[in-house]
Amino acid sequence: MKILVLNGPNLNMLGVREPAIYGSRTYSDLEAFIKCAAEELGVPVEVRQSNHEGELVTWIQEARGAFDAIVINAAAYTHTSVAILDALKAVALPVVEVHLSDPMTREPFRHVSYVSFAAEATFKGRGFESYSDALKHLAEKGDR
Ligand code: CA2
């Protein structure tokens, strides 16, 4: 099982601002954390980040045939992007949604997730551990 981990806009700013919400670790710390968690679980991962909706859509489309599942933190696009939802549905791979924070406990505009309509599970509010929870979910499923 090979997993594509996608991160959306502004996540490259981790550690630079808003440490009270997102913590003080950086985006490269997050990438290292995801790769380490994946290695422990024995699942190959590729981790990418983009600030561009269309690039994320293209990567989702290209995942067909190249990856077995997608873990996605679409960041602000979670709450706005029908294009990302449509791509996730079109690619027909297992999708797991992740968030560092819990958007449901924040501003009302974060309470809707378009991504969740394509996701089989959501892990949120656990900081970096939301990603390892998502990888564990997929690895355990793959064992069956
Ligand atoms: O909690 C999450 O993981 C989010 O997906 C993060 C998004 C936010 O729009 C979602 O509602 C919840 C924001 C990512 C931007 O992260 C920043 C990090 C540091 C400084 C500024 C933004």
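Residues in region 14-28 that are loosely packed, with under 14 Cβ neighbours inside 10 Å and either hydrophobic (A, V, I, L, M, F, W, C) or within 16 Å of the chain's Cα centre (by Cα) (or both): 4 in all.
Restricting attention to region 87-103 and to residues that are more than 10 Å from the ligand (Cβ to nearest atom) and either of a type outside the set (A, V, I, L, M, F, W, C) or not in a strand (DSSP E or B) (or both), the residue that is surrounded by the fewest Cβ atoms within 10 Å (Cβ to Cβ) turns out to be ALA92.
Residue count for region 1-46 under the criterion of being assigned to a loop (DSSP other than H, G, I, E, B) and in contact with a Lys or Arg (Cβ under 7 Å, 6 or more places away or on another chain): the result is 3.
Any idea how many residues of region 47-67 are farther than 26 Å from ASP29 by Cβ and not in a helix (DSSP H, G or I)? Number satisfying all stated conditions: 3. Within region 66-90, residues that are in contact (Cβ under 8 Å) with a residue 60 or more places away in the chain and farther than 16 Å from VAL5 by Cβ have Cβ atoms under 6 Å from residues that are surrounded by fewer than 24 Cβ atoms within 10 Å (Cβ to Cβ) and of a type outside the set (Lys, Arg) in these pairs: ALA76/PRO9, counting only partners at least 6 apart in sequence or on another chain. Of the numbered conditions (1) in contact (Cβ under 8 Å) with a residue 12 or more places away in the chain; (2) exposed (fewer than 14 other Cβ atoms within 10 Å of the Cβ); (3) of a type outside the set (Asp, Glu), ALA37 fails exactly one; give the number of that condition. ALA37 satisfies every listed condition except (2). Yes or no: ALA121 surrounded by fewer than 23 Cβ atoms within 10 Å (Cβ to Cβ), over 15 Å from LEU56 (Cα atoms) and not β-branched (Val, Ile, Thr)? So ALA121 fits the description; yes. Being buried (at least 24 other Cβ atoms within 10 Å of the Cβ) and more than 9 Å from the ligand (Cβ to nearest atom) is the filter here; which residues of region 71-86 pass it? Within region 71-86, VAL71, ILE72 qualify. For ALA37, state whether it is modelled with pLDDT of 95 or more, within 13 Å of the chain's Cα centre (by Cα) and under 18 Å from HIS137 (Cβ atoms). Here the answer is no, as ALA37 does not meet what is asked.
The values are calculated or read from the model by the stated rules, or taken from the named source; none is laboratory data. This structure is a prediction, so every number in the text was calculated from the model and none was measured. All Cβ positions, glycine included, derive from the backbone under ideal geometry; neighbour counts span all protein chains shown.
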